[in-house]
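Data first, discussion second: the structure below is written as structure tokens.
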Amino acid sequence: MNQASIHRALQGSLEKDPTKGGLERLFEKRLAANYTLLQQLFFALYPESGHRDAFLRLQKKLHTLFRTRSNELKLQDLRRLGEENWYQSESWVGMQLYVDRFSGNLRGLEEKLPYFEKLGVNFLHLMPLNTRPQGPNDGGYAVSSYTEIDPAFGNDGDLGRLTSKFREKGICLMLDFVVNHTSDEFPWAERARKGEAEYQAYYHTFPDRSIPDQYEESLPEIFPETAPGNFTYIPEMDRWVMTVFNPYQWDLNYTNPNVFLSMLENLVLLANKGVDVVRFDALAFLWKKIGTDSQNLPEAHRLVSLFRLCLQVVAPGVIILAEAIVAPDEIVRYFGEGPLKGNECEIAYNATLMACLWNSVATRKTLLLNRSLRSLPPKPDSCTWINYIRCHDDIGLGFENAHIAALGWDPGMHRRFLLDYFCQRLDWSPAKGVAFMYNPLTGDGRITGSTASLLGLEKALEYKDPQGVRDAISKIMMLYGIIFASPGIPLVYAGDEIGMLNDYSYARDPDKLDDSRWVNRPVHDWETVAGLEARDTPASEIYRGIRNLVSLRRKLPVLADQDNTLVHESGNDHLFVFERGAGGADSLLVIANFDAHPQVVNASWLSALGYVGKGAYRNLISGASKSIRSGLLELAPFELLWLAKV
Ligand code: GLC
């Protein structure tokens, strides 16, 4: 039983008492329910002997922070807690976007609400909105304030109006909490630079290279091509500071309890803006230890859980998404393990599914996908995934080497093949991706590019190849159809719904030039949107397809994440087959053909499962019933079926 269910039970009759006193009594109950765990976690990170006082400050802070939350949000918290695991519902369909590139600013976004409504999107991830340095700022992931909105996007009032509109329309808002680092222009960094020891201790700073050198022995590099090394020398303070990402992103030092206390305040202030889901950015990196890779350390998990349990006391309707793009087994750990099971993050990115889908596109086979999904450790009942194909970041090839080797492939060579396939090094490949952080010496690299360009649309349009265009559209619909039927919240990357291609203009901007992830951060193409209805184009076909998936998903309660997914072995290496709600009358069977040739499935198998009857089957995506011929169900190249029971 996780803490949320305890709070739900405690809420009981008090839920009916929405007065200030009633809300405070519930707060006290939540604090009492979490107290022991909070204390254990806090003292595990900050030993009791020297930190009793800091723990008392934490208790006090929780009271003060509760007072900063509006009554409207406090009542929403209670409603959310009452709707058990609301984020697991089939009704959510998400979109991720950069406000400036999508609609100019927050006011512009308000005007785009009809666009979301028409498409059926009701969960929005807005990329960072806070103030950031001019010039390179990692797309806003270098924050100069956790509370101030960058004037380029608008102001607090604009955000407030937008979030109350969202609440009115039932749209869920996700914003980032850049929890691992601040920009070098953040007030703490400014004060550290001026020599204030108190703030130098907010970061990992060192007077010379001796400790940094020890760290470097085992710390990997995140951006090896553009930001080699993990420390930056700051002449003004004559010290080295840890900068795992870019030199202008200073890593916070969570061994200092004051950092945790200040960041908790920032977290609650963010939640108070009307945020429903907080995306914990780069949370795998939160704790550093010499001799390790300083990723996924047990202390990082404790810290996230501590944030979570505090947030639950103050704002129990707000949940956390883990941005942990790490090895498959490590990702699941962010849902919490052992006594913390279900008490860490409610949602995590399903990076395993995402990377394996791209692997299947290139190999046209589903062996690695099946093997990886089957070997994923189970997640707690109360947690769920964000399923996605593309996002603003690169595609890392984070498969388990053992799984690749078990298929008879050499892991290094296989990754090289994927890079070649997607990054324009094989003439026959339809993909037009771009390498990210490619190291010619080691052959290591990651992949970037838009969904449509990676799946062949750009090249097919260039070569005026109608078959290539049809294949690309089928592949886009196949991948989106898979994530729409997978357990969790499907997240459409803005632009994908109209098949937007790579945007090469970043190469002309000196601040973006060396970060090829910008190739997939386009300015939204409203001209194409305006012509969607009037013209028959790849964009309109993709758009109609995505809208169809949205409305189908909403009609299928079996797609709510209730731990009801079964990955089937069909005996055909080109097919990906999974079932939701197996055994039930309203179950769904998904079959995707990753091959460029037609492929077949044995109809007697499908009939035993209940999806073929009287020689026919029913595909919800096309809305058509089709006959079986020669005892085989045939899928066209890159075809996707959602079969309902007949
Ligand atoms: C996350 C973001 C990525 C950013 C990094 C550092 O991984 O998704 O865009 O570069 O954190 O903040």
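Quick note: the coordinates plus some simple rules give every number you see, no bench work behind them. These figures come from a predicted structure and were not determined experimentally. Positions of Cβ are backbone-derived with ideal geometry, glycine not excepted, and every protein chain shown enters the neighbour counts.
Computed quantities for the displayed model
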{"quantity": "Three-way shape call for the range 472-563 based on the alpha-carbon gyration tensor, with the a/c threshold at 1.5", "calculated": "oblate"}
{"quantity": "Between helix 411-422 and the chain: long-axis angle, C-alpha atoms, 0 to 90°, nearest 10", "calculated": "70"}
{"quantity": "Span from the the range 457-526 Cα centroid across to the the range 54-99 one, whole angstrom", "calculated": "33"}
{"quantity": "Relative contact order for the chain, counting Cα pairs under 8 Å that sit 6 or more residues apart, in percent", "calculated": "12"}
{"quantity": "Filtered GluC sites (Glu not before Pro), the range 450-540: DSSP coil and at most 15 other beta carbons within 10 Å", "calculated": "GLU533"}
{"quantity": "Reachable lysines, given that their alpha-carbon falls under 16 Å from the alpha-carbon of LYS341 and they are not under 8 places away in the same chain", "calculated": "LYS379"}
{"quantity": "Expected 222 nm ellipticity per residue - DSSP helices of 4 or more, -39500 (n - 2.57), all of the chain, to 500", "calculated": "-12000 deg cm²/dmol"}
{"quantity": "Restricting the range 1-88 to GluC sites (Glu not before Pro) in coil, as DSSP defines it, with at most 13 other Cβ within 10 Å", "calculated": "GLU83, GLU84"}
{"quantity": "Loop-located trypsin sites (Lys or Arg not before Pro) in the range 432-470 whose Cβ has at most 10 other Cβ within 10 Å (DSSP)", "calculated": "LYS464"}
{"quantity": "Cα radius of gyration and Dmax for the chain (Å)", "calculated": "24.8, 80"}
{"quantity": "Taking ARG521, ARG629 and counting other C-beta atoms within 10 Å, the order from fewest to most", "calculated": "ARG629, ARG521"}
{"quantity": "Charge sum, other residues only, whose C-beta stays under 13 Å from ILE395's C-beta, Lys/Arg counted +1 and Asp/Glu -1", "calculated": "+2"}
{"quantity": "3J(HN,Hα) from dihedral phi, the range 234-249, Karplus parametrisation 6.51/-1.76/1.60, rounded to Hz, x for glycine, proline", "calculated": "10, x, 4, 9, 6, 9, 9, 10, 6, 9, 5, 8, 9, x, 8, 10"}
{"quantity": "Gyration tensor verdict on the range 527-592 (Cα atoms; rounded if a/c is under 1.5, prolate if a/b is larger than b/c, oblate otherwise)", "calculated": "oblate"}
{"quantity": "Backbone HN-Hα couplings from phi across the range 318-326 [Karplus 6.51/-1.76/1.60, Hz, Gly and Pro as x]", "calculated": "9, 10, 10, 9, 8, 8, 10, 9, 10"}
{"quantity": "In order through the range 514-529: 3J(HN,Hα) via Karplus (6.51 cos²θ - 1.76 cosθ + 1.60), integer Hz, x for Gly, Pro", "calculated": "8, 10, 5, 4, 5, 5, 10, 10, x, 6, 4, 8, 6, 5, 4, 4"}
{"quantity": "Global form of the range 187-251, assessed from the alpha-carbon gyration tensor, a/c cut-off 1.5", "calculated": "prolate"}
{"quantity": "Amide proton proximity set for ASN130, modelled H, under 5 Å, gap of 5+", "calculated": "ASP150"}
{"quantity": "Residues whose placed amide H lies under 5 Å from that of LEU632, excluding near-sequence neighbours", "calculated": "ALA603"}
{"quantity": "Theoretical FRET efficiency, 1/(1+(r/R0)^6), r = Cβ-Cβ of SER375 and MET1, R0 30 Å, to 0.05", "calculated": "0.65"}
{"quantity": "Surrounding net charge for SER360, when Lys and Arg each add one and Asp and Glu each subtract one, Cβ distance under 13 Å", "calculated": "+2"}
{"quantity": "Under 5 Å, built H, 5+ apart or other chain: amide partners of CYS172", "calculated": "PHE123, LEU124"}
{"quantity": "Nearest-20 debye value, the range 564-644 charge dipole, Cβ charges on Lys, Arg, Asp, Glu", "calculated": "340"}
